[in-house]
Amino acid sequence: MSSKLQINKLAERYPFNDSELEQLIRCHTAILDVKNADTFLTKIALSSPYSYFFLPGNEMRRRIELIEDEILPAGFGSCLRAAMSVDGFVDCANEGDLSLERFLEGIADCGQRGHKETLRIIWDVSSYILGFEDNLDPVRIIDLCYRLALAAEVVDSPDADADAIVARLRSEHDSACSSLERSLVHAGENSMVTKQNFYEWAETIAPQISSTLSTFVHNLLFHGKMLKHRLNFVQFEPPKLDQRSNIFEGVHRPNLFALTCISPLVGGKWHNLYSFEFHGHSMNRLQHSILGYCGPTVVVIETEQGPIIGGFFATTWKKANEFYGDANAFLFQLFPTLDVFNPTGDDTNFICLQDGLGFGGTKDMPRLFIPASMEYCNAGVMDKTFRTGELLPEEYLEKFTIKSLEVWGCGGEGAIKNGLQAREEKRALTDAAIYNARKIKDKSALVEDINLIDTSLYKHKEEARGRAEFKVDEKHGGYALERGQ
């Protein structure tokens, strides 16, 4: 057992609390035990006494063997150990056991030292696996990150179905993450990327991709236990859909991984608010499904032409004559190539929901627009609100037809619960206003309150005023049509 004095000194220099440092010292001791023939990853996972409570018997060992044999690339554990040992800071600043401090620094670089250090570890591991190459194939980097995300799931909780995760990898691997791969290819030259290319791409397009390694190492060491202090990374949590998706079935399932790489707010539980399949092809039904919902939301559109585009928004959905929203919003092309269009800060025209649904641009020409008919949709290249770039590949000339449209609430259980409650409260207020409007003669004020007076729902009544064939029917709270004899 390490001394309290040793723990206190290490706690001054490394981003871990006392109990974590005790576990890391036990782990380091196990790694140095030459009589222990276990692999590097197995020693890490089994060094904690808690591992046998987390996964009784030999289940933890079985899962690590499954990860090493079926999920991660051959030699990953050795390459990770080597990549964790190259931080030059330890050689000039250590005050004790060089081997222990190099190990602690390596673990810290896997998440607690920040995004860029973790990207460095991912790059070095990929390079070592491929024979110490300076320029890497983007496919190999993305493949490693995807496998790390799956490996993290295997040791995330006792309820994780490790065999099902392996089966999923086998079934979808040939098409896995192609949109991410193409995106990273564009960041380099001649289908290869440098370390700097990778860093810049991850910072702009996929800032959450580094958390695939951070989450795996954290789960391996601490077995899903939440740390008492604040993590310096957001854990990678792939979306868990509560309803079947027409868009994310089959070859497009790995695109959920691509979405999670964009923002941590996209991960976790997803609740379906609207889809063509379950709610019908109708702007009215779309609006009924989302109006009042308050919280992170993903809008995903699969086009008849093939590309998948959409946007993320973290605001309350409402009908309004003016734009609204906040700087958490972004638009994206998800397929065939991942691209992200973040706010520029030059304008705040995020959402405009009236007869149609528009994002960015102006009311006359939104950047992304779905009209009330849900036909003849538009996806432009530039506006002042979001970064310039092609939402659709150039050959589609900014026009598309919707094949499938889905809106999902996300952000975790709490955010979804609050969002649904806000939607129900909005619906109750709207229903009450409509009910009251039927009882009084002057309906204009109440109708205006529920933001319907200028919409097509009441348009026929406005146009009917003054026509000979209509008369006011006060008894029934509306209009009656006088038909000729």
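Miscellaneous remarks
- Calculated on alpha-carbon atoms, Rg and Dmax of the range 1-123 in Å: 14.9, 43
- Summed side-chain charge close to His252 - residues other than His252 whose Cβ falls under 12 Å, Lys, Arg +1, Asp, Glu -1: -2
- Summarising the strand pairing of the chain, around 95 percent of its internal DSSP beta bridges are antiparallel.
- Dipole magnitude of the range 121-224 about its Cα centre (Cβ charges: Lys, Arg +1; Asp, Glu -1), debye to nearest 20: 20 debye
- Farthest toward positive dipole pole in the chain [+1 Lys/Arg, -1 Asp/Glu at C-beta], among Phe236, Ile301, Phe132: Ile301
- Sparsely packed loop sites in the range 111-169 (the GluC sites (Glu not before Pro) outside DSSP H, G, I, E and B with at most 14 other Cβ atoms within 10 Å) comprise Glu133.
- Hydrophobic, long helices, defined as DSSP H runs whose alpha-carbon span along the helix axis is 24 Å or greater and whose mean Kyte-Doolittle value is at least -0.5, occur in the chain at 138-154.
- Distances between placed amide hydrogens fall under 5 Å for Leu273 paired with Val407, Trp408, Gly409, all partners being 5 or more residues away or on another chain.
- Per residue, the accessible area of the chain comes to 48 Å² when a 1.4 Å probe rolls over the protein heavy atoms.
- With R₀ set to 41 Å, the beta-carbon distance separating Ala11 from Ala422 gives a calculated FRET efficiency near 0.45.
- Full extension of the segment from Phe53 to Asn321, taken as 0.36 nm per residue of separation minus the current Cα-Cα distance, would add 90.7 nm.
- Shape category assigned to the range 230-299 from the gyration tensor of Cα positions, a/c cut at 1.5: oblate
- Summed side-chain charge close to Glu277 - residues other than Glu277 whose Cβ falls under 10 Å, Lys, Arg +1, Asp, Glu -1: 0
- Multiplying the residue separation of Leu130 and Ser78 by 0.36 nm and removing their Cα-Cα distance gives an extension gain of 17.4 nm.
- Viscosity 0.692 mPa s, temperature 37 °C, Stokes-Einstein D of the range 113-245 from Kirkwood C-alpha radius, µm²/s: 208 µm²/s
- Look at where the Cα atoms of the range 131-153 and of the range 29-52 average out, and the two centres are 25 Å apart.
- Which of Pro371, Ala152, Leu420, positive extreme of dipole for the chain (C-beta unit charges): Leu420
- What the Cβ-Cβ distance of Met365 and Asn190 gives, at R0 = 22 Å and to the nearest 0.05, is a FRET efficiency of 0.05.
- Taking 0.36 nm per residue of separation and subtracting the Cα-Cα distance, full extension of the segment from Glu200 to Asp347 would add 50.4 nm.
- A viscosity of 1.002 mPa s and a temperature of 20 °C, combined with the Kirkwood radius over Cα pairs in Stokes-Einstein, give a translational diffusion coefficient for the range 104-171 of 158 µm²/s.
- FRET E, pair Leu429, Gln243, Förster distance 25 Å, beta-carbon r, rounded to 0.05: 0.40
- Carbon + sulfur, % of accessible area of the chain - ligands and nucleic acids excluded, 1.4 Å: 50 percent
- In the chain, Rg over Rh equals 1.08, where Rg is the alpha-carbon radius of gyration and Rh the Kirkwood radius from pairwise Cα distances.
- Of the residues Tyr324, Leu353, His279, the one whose Cα sits farthest toward the positive end of the charge dipole of the range 272-358, with +1 on the Cβ of Lys and Arg and -1 on the Cβ of Asp and Glu, is His279.
- Cα-centred dipole magnitude for the range 1-150, charges only on beta-carbon of K, R (+1) and D, E (-1), debye, nearest 20: 320 debye
- Cα gyration tensor shape for the range 245-391, rounded if a/c is under 1.5, else prolate or oblate: rounded
- Charging the Cβ of each Asp and Glu at -1 and of each Lys and Arg at +1, and nothing else, the dipole of the chain about its Cα centre rounds to 1560 debye.
The values are calculated or read from the model by the stated rules, or taken from the named source; none is laboratory data. What you see is a predicted model; the values in this text were computed from it and never measured. With ideal geometry, Cβ positions are generated from the backbone for all residues, glycine too; neighbour counts draw on all protein chains shown. Ligands, DNA and RNA are stripped out before the accessible areas are found, and what is left, the full protein with its side chains, is counted by its heavy atoms. Shrake-Rupley method; radii C 1.70, N 1.55, O 1.52, S 1.80 Å.
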